[in-house]
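What follows is one structure encoded as structure tokens, with my remarks underneath.
The values are calculated or read from the model by the stated rules, or taken from the named source; none is laboratory data. Worth saying up front: this structure is predicted, and the values here are computed from it rather than measured. Using ideal geometry, Cβ is built from the backbone for each residue, glycine included, and neighbour counts are taken over all protein chains shown.
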Amino acid sequence: MRTIKYAVAASLLATAPLAAAQQLSIATGGTGGVYYPIGGGFAEMINEHIEGADATAEVTGASVENMGLIMRGDADLALALADTVYQAYNGTGDFEERQIENTRALASVYPNAVQLVTLADSDIESLADLEGKRVSVGAPGSGTELNARALLEANGMSYDDFNPQRLNFNETADAIRDGDIDAGFWSVGPPTSSILNLAATRDIRLIGFSDEEIANAQEVEPVFAPYELEAGMYDGMDEAVQTIGIPNVLVVNSDMDEELAYQLTKLLFEHTDELIAVHPAANDTTIEFTMESTPVPLHPGAIRYFEEVDADIPDRLRE
């Protein structure tokens, strides 16, 4: 991937006070994933650096639920998977009956990895081996379930082929540990706490996907991309594992005040080190990643910031 350097001010973020006190809600996900610490970290940054703003991170069912919260104005910012954001904006997939045209992006923050986990002594070694097994496909209304279903259906499988369980990240880890299920899907920024905790108590194995399986999935979801989980990411993981990556997008309602959207975008990119200190997934929070990976138009306030730093903004990200 090419390297692009942007002229970003090294000084502390200077913001004008907001016209009125702003209570900001950030829709995240479950406590066992990455959305919650990333959202909580960004809320702390907002409270520290943007005068007149008071932000809180909210626990939610993640991507699909979060898009509904943005549509209704029940959340001011939300983290959601790129495929979910794309479907919501265009009224496709799970959003055929409820298109969310007022979706706008501030940034793409980091990529998720679809992680399929089982115990080390399991006979599951591929997607096909899930047949007849008890498998967690993620919490209802989560991006994990959308990703898992797309991956499976692209490769000729459906929920009829196994016993699907709709569990959140912590519940999935506990169920694998206790032998209540045979395997589980996570779509989350690696490494994630729930898998780390599981690997600390039980020997686990991550199931890799073949080139053909990934290519099949990309035909269904163009936002999918090959992604390699590094060896040593979890206890007992001696070799790298090939999987699928999906960008995570920080979205807002198009009605958000332009000045506020500008300040939030500026804060994210000029204090990224503070977010990295919260979770290493934020190492991928770059302007380049946003320009390459964001699936819907940017908010005008975000565009204003990116123009200030001379970013090359693709036409597809302008309204």
Quick check on the range 85-93. Is at least one of its residues assigned by TED's automatic domain parsing to the domain that holds PRO300, within 23 Å of PRO295 (Cβ to Cβ), touching a strand residue (DSSP E or B) at 6+ places or on another chain (Cβ under 6 Å) and touching a residue at least 40 places away in the same chain (Cβ under 8 Å)? yes
Right, PHE224: aromatic (Phe, Trp, Tyr), surrounded by 15 or more Cβ atoms within 10 Å (Cβ to Cβ), within 30 Å of LEU106 (Cβ to Cβ) and not assigned by TED's automatic domain parsing to the domain that holds TYR89 or not? yes
So the check is Cβ under 8 Å with 6+ separation or different chains; which pairs have a first residue in the range 151-164 that's in contact (Cβ under 8 Å) with a residue 40 or more places away in the chain and a second one that's β-branched (Val, Ile, Thr) and assigned to a helix (DSSP H, G or I)? GLU153/VAL220; ALA154/VAL220
Regarding MET291, is this residue within 22 Å of TYR89 (Cα to Cα) and in contact with a Lys or Arg (Cβ under 8 Å, 6 or more places away or on another chain)? no
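This table checks each residue for (1) in a loop (DSSP other than H, G, I, E, B); (2) at pLDDT 95 or above.
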{"position": "LEU12", "(1), (2)": "yes, no"}
{"position": "THR15", "(1), (2)": "yes, no"}
{"position": "GLY33", "(1), (2)": "yes, no"}
{"position": "MET45", "(1), (2)": "no, yes"}
{"position": "ASP94", "(1), (2)": "no, no"}
{"position": "ARG98", "(1), (2)": "yes, no"}
{"position": "LEU116", "(1), (2)": "no, yes"}
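Could you say which residue among ALA225, ALA154 is of a type in the set (Gly, Ala, Ser) and at pLDDT 95 or above?
Working: ALA225 fails: at pLDDT 95 or above.
Answer to the selection: ALA154.
Report, by residue number, each residue of the range 69-94 that is surrounded by fewer than 20 Cβ atoms within 10 Å (Cβ to Cβ) and of a type outside the set (D, E, K, R).
Step one: of the range 69-94, the residues surrounded by fewer than 20 Cβ atoms within 10 Å (Cβ to Cβ) are 71-74, 90-94.
Selection gives MET71, GLY73, ASN90, GLY91, THR92, GLY93.
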GLN263 passes all but one of (1) surrounded by fewer than 23 Cβ atoms within 10 Å (Cβ to Cβ); (2) in a helix (DSSP H, G or I); (3) not acidic (Asp, Glu); which number fails? (1)
